[in-house]
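What follows draws every value from the coordinates through simple rules; no lab data is involved. Keep in mind the model is a prediction, meaning the values are calculated, not measured. Using ideal geometry, Cβ is built from the backbone for each residue, glycine included, and neighbour counts are taken over all protein chains shown.
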Amino acid sequence: MRDKTEKLYAIAETQQGYFTSGQAVACGYPTSSHVYHLRTGTWKRDYRGIYRLARFPVAEDAQYVMWSLWSRNRNGTPQGVYSHQTALVLFDLSDLMPRRLYMTVPPGFRRNAPVPDVLILHRGRLAPSELEARSGYRVTRPLRAITDLLKEAAVSADYLSQALQQALERGLITSMELEKHPLVERLKKLLAKDRA
């Protein structure tokens, strides 16, 4: 019993207390026992197939872990990466306050269940250099988030120029990265707008 508890805790610890039903089964908890753990209060169900250890402290960014786990493929690997407006929020760039969570998933991403209302999915390929790993989820780096929004004209240029300026000031984007980017001219226009 202790061995499977330790295994599950080790997984949950890397995911801010969250785990999936598949991860619990892999640790030695048969599906038939999940209801028991919910009834006794040691587990909490936060979404279909996604649980949390009840005594694990809830972090400020816990929702990001949960929806990352929702995006898992058949092998149990999360596919979603927070992007666009949500990435700017996670890096504390600009005054943008989106109501929903924006996530980029691979082009072939499929789920049998409908996409929850809280999520807006974008499809695309992301290079490892465009990602940052956090505790239990991933997010696109600021330059990718800003250029995604710039290409889609999804938010006001004022927010983008503010985010770009803040990212440069804080070293989240370097001048060299900016100069090498294919959209360098459009990005420089944003900077000029912010300084005007």
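Backbone amide hydrogens, once placed in the peptide plane, bring ASP46 within less than 5 Å of TYR51, ARG52, excluding anything fewer than 5 places away on its chain. The mean of 1/r over all pairs of different alpha-carbon atoms in the stretch 122-196, once inverted, gives a Kirkwood hydrodynamic radius of 12.9 Å. The angle separating the long axis of helix 2-14 from the principal Cα axis of greatest extent in the chain is about 10 degrees. Once the chain from LEU183 to ARG123 is taken as fully extended at 0.36 nm per residue, the excess over their C-alpha distance is 19.6 nm.
The lysine pair count for the chain, using Cα distances under 20 Å and pairs eight or more places apart or on different chains, is 8. Among the trypsin sites (Lys or Arg not before Pro) found in the stretch 110-181, those both in a DSSP coil and sparsely packed, with 15 or fewer other Cβ atoms within 10 Å of their Cβ, are ARG110, ARG111, ARG125, ARG134, ARG170.
Based on Cα contacts under 8 Å between residues 6+ apart, the stretch 2-53 shows a relative contact order of 37 percent. In the chain, the longest principal axis of the Cα atoms and the axis of helix 142-152 are about 70 degrees apart. For the stretch 62-195, a Kirkwood radius taken over Cα pairs fed into Stokes-Einstein (37 °C, viscosity 0.692 mPa s) yields D = 215 µm²/s.
As a length-normalised measure over Cα pairs under 8 Å and 6 or more apart, the relative contact order of the stretch 39-196 settles at 18 percent. Taking a ≥ b ≥ c as the square roots of the eigenvalues of the Cα gyration tensor, the stretch 2-53 is classed as rounded, since a/c falls below 1.5. Can you give me the angle between helix 157-169 and the longest principal axis of the chain, using Cα atoms only, in degrees from 0 to 90, rounded to the nearest 10? That helix lies at roughly 80 degrees to the long axis. Given a Förster radius of 45 Å and the C-beta distance between THR31 and GLU152 as r, what FRET efficiency does 1/(1 + (r/R0)^6) yield to the nearest 0.05? E(calc), rounded to 0.05, equals 0.65.
By DSSP, the beta bridges lying fully in the chain are antiparallel in about 70 percent of cases.
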